[in-house]
Structure formats: C-alpha cells, structure tokens
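Participant: First the structure, then my questions, so here it is.
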Amino acid sequence: MNLLTRLFNFYIEASVHVALAVYSMTVITLLNFDIPYDENVCYAVFYGTIVGYNFIKYGSEARRFYIVKTRHIKSIQYFSFICFALCVYYLFHLTAPALMLLGGLIVLSFFYAVPLYTSVRNIRNSPGIKIFIVALVWSGVTVLLPLVDNYEVLISGKGFALDAGIEWLQRCLFIVVLTIPFEIRDMTVDDLSLGTIPQKVGVKRAKSLGIFLLCLVLVLELLKRNSLWQDAVSMFIILVLTMLALVFSREKQNKYYCSFLVEGIPVLWGVLLLILKGFEIN
C-alpha cells in the first residue's frame, strides 16, 4: 500500500495527471472535427505539459530546479528530462505553422513563471490575470494546435472557421471554470494582491459566475454548424459534473479534490466521447 501511495503521489506531483487532462482535451478536438488521430501533436502536448508544469512548480528559480537535494524532487527532475527529450522528438514532426503557434504559447508559459526583470512580477503573480493566461495557453494548445497542424485536412470543410472559433471560446470558458476550484482552495495561502476571482467577488459569487459560464459553453454548442449529437451529449454530461465539482469546492478540502478529481474531468470527457463515437479514432 505504501508503494502504491508513493506511485500515486508521483503521478500527481510529477504532473502526469494534468498532462493526461491536456492530452485528453487535444483528443477531444480531433474527435469533434473528425480528424484522424495526430500522434505527433498529442504526444508533444502530453510530454510538453509535464515539462512545463514541473518547471513552473519546481523550477521557477533556476538553482532550485537544477540543484536539488531531496530524492523525490530529483526523481521528478530526471523524469522531466526524459519527457523533454520525448517532447523534442515529436516536435520535429509538427508542421511549421504549428511550431510557430506553439513557440508563442511556450514563450507565454515561460514568462508565466519567470519574470523578465528581477524587479518585475511574473505573470503568475500579476493581479487578476493568472486564470486567463492559463485558459489562453490550454485552449491554444488543445484546440488551435491540433487544428493548425491539420489545416490541410480542414481547409475545405464548410463552416470550419466558425466552429473552430466557437470550440476555442468554449474551451477558454471551460478552463476558466475548471480553475476556479483551485483558486477557492488557495484562498488561504494566496496573497490578496493576486486578485483571483474568489478574492474579488467571494466564493459564492465565483461559483455562480462559473455556473453561468458553463451554461454559456452549452449555448455556444448550438451555434456550431457541424456538431454531432455525441459532441453535445458528452459536453452536457461533463458540464454537469464540472458544475457539481465547482459547487462542492471548499477552502478546506481533501488534497486530491482539485489535483485529481477536478483535473480528471477532461480525462473523463475524452473517454466518454470515445465511447459515444464507438472509438472512432483512426
């Protein structure tokens, strides 16, 4: 049992679970647009997320990332280096437009954790914008990247531009809502100057805002020209689960509530959509 606990903690703390969530949302985009499975994009996103999140969590200070003493952090460090090598391998197989887009998102992610000047805050600690930068990067990686890498397949599709824009906006809003439980959890430790949504409007209003945004995501699905019933049904189920996760969020919660249950919602979404579409992933 002790070994299983350590493995599970490593799975969470080494950012494998959050990487699986980002990977799942990338697969959801491919399924929604009837694109054959893009191994290069999906694996580049998966391994890149592990590297990026571990850098943000453990390496915002260079010395802390490269010179570590604890065995646990060292194991995450070595694991991150392996994932970095695998990520680079798959990046070499992406199209030039996809690499340009990803480069911009990587730069934004880098300055999310590392300030440009020592006297300037990084984006992560800038008032009021942290949640929106997370939504921008996640939606860019999970929606725009797979679409840009497969633009030749989609360019002739009727209504593609409209559906792509709606998909991106839906994903942004969904990720904003998915982040609110984390901000509620961190209210006791976050500096008041961060200006998170629960800090600004309170926990109750933050939850109400999240429910409103989830309803907006569902309404936007009705505007798509090529949405299938499987897309709408899976989205409805996931939005209900997300609403429940938001409603039951507390400042004092089990340490795995957000890091496993909430972050696992996109994984469940991907599995559900695969089941409804009969595992139609080529």
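Participant: Report, by residue number, each residue of segment 1-24 that is β-branched (Val, Ile, Thr) and under 10 Å from residue 49 (Cα atoms).
Facilitator: Those that are β-branched (Val, Ile, Thr) and under 10 Å from residue 49 (Cα atoms): 16, 18, 22.
Participant: When you check residue 260 against the structure, is it in contact with a His (Cβ under 7 Å, 6 or more places away or on another chain) and either touching a residue at least 40 places away in the same chain (Cβ under 8 Å) or outside any helix (DSSP H, G or I) (or both), yes or no?
Facilitator: In short, yes.
Participant: Could you list, in sequence order, all residues of segment 248-282 that are of a type in the set (A, V, I, L, M, F, W, C), under 17 Å from residue 203 (Cα atoms) and open to solvent by 60 Å² or more (accessible area, probe 1.4 Å)?
Facilitator: Residue satisfying the conditions is 248 alone.
Participant: Of everything in segment 217-228, what is assigned to a helix (DSSP H, G or I) and surrounded by 14 or more Cβ atoms within 10 Å (Cβ to Cβ)? Give them in sequence order.
Facilitator: Within segment 217-228, 217, 218, 220, 221 qualify.
Participant: Which of (1) modelled with pLDDT of 70 or more; (2) open to solvent by 30 Å² or more (accessible area, probe 1.4 Å) does residue 105 not meet, given it meets every other one?
Facilitator: (2)
Participant: Related question: If we scan segment 35-43, do we find a residue that is surrounded by 12 or more Cβ atoms within 10 Å (Cβ to Cβ), at negative phi, at pLDDT below 95 and assigned to a helix (DSSP H, G or I)?
Facilitator: The answer is no; no qualifying residue exists.
Participant: For segment 199-209, state whether one or more residues are under 22 Å from residue 137 (Cα atoms), touching a residue at least 60 places away in the same chain (Cβ under 8 Å) and open to solvent by less than 20 Å² (accessible area, probe 1.4 Å).
Facilitator: Within segment 199-209 (the criterion being under 22 Å from residue 137 (Cα atoms), touching a residue at least 60 places away in the same chain (Cβ under 8 Å) and open to solvent by less than 20 Å² (accessible area, probe 1.4 Å)), the answer is no, since none of the residues qualifies.
Participant: Another question, if that's okay. Filter segment 229-247 for residues that are open to solvent by 40 Å² or more (accessible area, probe 1.4 Å) and touching a residue at least 40 places away in the same chain (Cβ under 8 Å) and give the result.
Facilitator: Of everything in segment 229-247, those that are open to solvent by 40 Å² or more (accessible area, probe 1.4 Å) and touching a residue at least 40 places away in the same chain (Cβ under 8 Å) turn out to be 233, 247.
The values are calculated or read from the model by the stated rules, or taken from the named source; none is laboratory data. The shown structure was predicted, so the numbers you read here are calculated from the model rather than taken from an experiment. All Cβ positions, even for glycine, are placed from backbone atoms using ideal geometry, and neighbour counts span all protein chains on display. For accessibility, only protein heavy atoms count, side chains too; no ligands or nucleic acids. Shrake-Rupley method; radii C 1.70, N 1.55, O 1.52, S 1.80 Å.
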